[in-house]
Amino acid sequence: MEQTGRLDRHGIEAGAIDIARVSHRTFAAVLIGLGVIGLIKGDFAPGWQPVPESIPARQALVYLCAFICLACGVGLFLRSTAALASRVLFAYLLLWLLLLRVPWMFVSFGVNTWWAASSTAVITTGSWLVYSSLAGEWDRQHFGFLIGSRGLPIARMLFGLALIPFGLAHFLYLDATAPVVPAWLPWHVFWAYFTGSTFIAAGIAVLIGIYARLAACLATLQIGLFTLLIWVPLALAGCLSAFQWNEFVVSIVLAASAWVVADSYRVTPWFAVVRNTQQERA
């Protein structure tokens with residue numbers, strides 16, 4: 001990794017070109033996978049579903065989204081294109097969130113719309129932080145409010161806000177959550193309530209900036225454990241329905257995105273109190 005400056009308290013290095021972090025490379029690899037899935041299926045990949053059938057030029061949008069995921073994922077692996085790929089990816093996901101997910105919640109509020117909005121918010125945050133770490137001088141001049149010490153707190157707050165509905169879903173849809181707890185674990189209802197509570201607590205902690213690094217890392221670990229302990233065994237056993245396959249892929253995408261967020265706290269003390277409303281100097 002090329003190093004050209006010092007880290008600020010948010011973990012952003014002035015002028016850094018950072019494509020060597022494992023979290024970022026994992027995120028890029030997942031994007032490539034999503035692009036391939038979209039092209040093979042001829043439909044929106046998990047994580048981008050659901051999309052209303054009434055969307056104009058829906059099939060063309062399917063292939064556009066798949067191409068952007070694939071091209072940006074590959075671009076993030078190449079030093080010469082990483083900054084451009086991160087910029088395009090962030091702009092695309094932000095537009096997807098603002099033009100489709102948020103308005104759709106007002107048109108038809110329900111679990112499908114707010115869950116999809118929360119998932120997109122997590123992925124958008126991951127792309128936002130990758131973009132911030134790769135931003136060059138042009139980006140700092142034109143979009144300085146989105147990157148560095150000014151944009152990073154906003155990105156993290158978006159992540160924290162998205163975690164809260166994940167937790168609430170464990171309470172609202174207990175009948176769907178408790179049955180997927182691994183059979184070898186006792187007290188399925190307890191674990192459903194416990195994991196829901198931890199998502200809510202982590203979201204609040206990240207939002208207000210108290211023990212945020214610990215909260216982000218634990219939330220990432222929890223999503224990763226869901227993937228490994230719930231979806232992977234079911235996939236290996238061939239017990240996944242089409243819906244559950246989508247959930248499996250979404251879980252991988254969310255884990256990769258959350259890892260990018262957790263990694264952004266790497267220079268922040270575990271029990272630091274750094275309120276997101278504070279403006280910090282580099």
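The values are calculated or read from the model by the stated rules, or taken from the named source; none is laboratory data. Since we're looking at a predicted model, the values are computed, not measured. In this analysis, Cβ positions are derived from the backbone assuming ideal geometry, glycine residues included, and neighbour counts consider all displayed protein chains.
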Quiz prompt | Whichever residue in the stretch 169-182 is in contact with a helix residue (DSSP H, G or I) (Cβ under 7 Å, 6 or more places away or on another chain), assigned to a helix (DSSP H, G or I) and of a type in the set (A, V, I, L, M) and, among such residues, is farthest from Gln222 (Cα to Cα) | solution = Leu174
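Filter the stretch 66-85 for residues that are of a type outside the set (Phe, Trp, Tyr) and over 11 Å from Leu31 (Cβ atoms) and give the result. Quick ask: steps written out before the conclusion?
We begin by selecting, within the stretch 66-85, every residue of a type outside the set (Phe, Trp, Tyr); these are 66, 68-76, 78-85.
If the condition is that a residue be of a type outside the set (Phe, Trp, Tyr) and over 11 Å from Leu31 (Cβ atoms), then Leu78, Arg79, Ser80, Thr81, Ala82, Ala83, Leu84 are the ones that fit.
Would you mention how many residues in the stretch 99-126 are aliphatic (A, V, I, L, M) and either without any contact (Cβ under 8 Å) to a residue 12 or more places away in the chain or closer than 19 Å to Thr220 by Cβ (or both)? Write out each step before concluding.
Just the residues of the stretch 99-126 that are aliphatic (A, V, I, L, M), to begin with: 99-100, 102, 105, 107, 111, 116-117, 121-123.
Among the residues that remain, those that are also either without any contact (Cβ under 8 Å) to a residue 12 or more places away in the chain or closer than 19 Å to Thr220 by Cβ (or both) are: 99, 107, 121-123.
Matching residues across the stretch 99-126 total 5.
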Quiz item: Which of the residues belonging to the stretch 139-165 are out of contact with any helix residue (DSSP H, G or I) (no Cβ under 9 Å at 6 or more places or on another chain) and free of Cβ contacts under 8 Å to residues at least 60 places away in the same chain?
Solution: Gln141, His142
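Going by what's in this entry, would Val102 be described as loosely packed, with under 13 Cβ neighbours inside 10 Å and either more than 17 Å from His24 (Cα to Cα) or basic (Lys, Arg) (or both)? So that I can check it myself, show each step before the final result.
On the way: loosely packed, with under 13 Cβ neighbours inside 10 Å: no; either more than 17 Å from His24 (Cα to Cα) or basic (Lys, Arg) (or both): yes.
No.
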Quiz item: Are any residues in the stretch 23-48 closer than 22 Å to Leu221 by Cα and at pLDDT 90 or above, and if so, which ones?
Solution: Ser23, His24, Arg25, Thr26, Phe27, Ala28, Ala29, Val30, Leu31, Gly33, Leu34
Self-check item: The one condition in (1) surrounded by 19 or more Cβ atoms within 10 Å (Cβ to Cβ); (2) part of a loop (DSSP other than H, G, I, E, B); (3) at pLDDT 80 or above that Val51 fails to fulfil
Solution: (1)
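Among the listed residues Ile208, Ile204, Ile154, Ile200, which satisfies the condition of being surrounded by fewer than 19 Cβ atoms within 10 Å (Cβ to Cβ), closer than 25 Å to Arg21 by Cα and modelled with pLDDT of 85 or more?
When all the criteria are applied, what remains is Ile154.
Only one of Arg281, Arg266 is charged (D, E, K, R), exposed (fewer than 14 other Cβ atoms within 10 Å of the Cβ), closer than 18 Å to Ala215 by Cα and at pLDDT below 90; which?
Working: Arg281 fails: closer than 18 Å to Ala215 by Cα.
On inspection, the qualifying residue turns out to be Arg266.
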Quiz item: Given the residues Leu39, Leu61, Leu70, which is the only one that is more than 19 Å from the chain's Cα centre (by Cα), assigned to a helix (DSSP H, G or I) and either crowded, with 21+ Cβ neighbours inside 10 Å or touching a residue at least 24 places away in the same chain (Cβ under 8 Å) (or both)?
Solution: Leu39
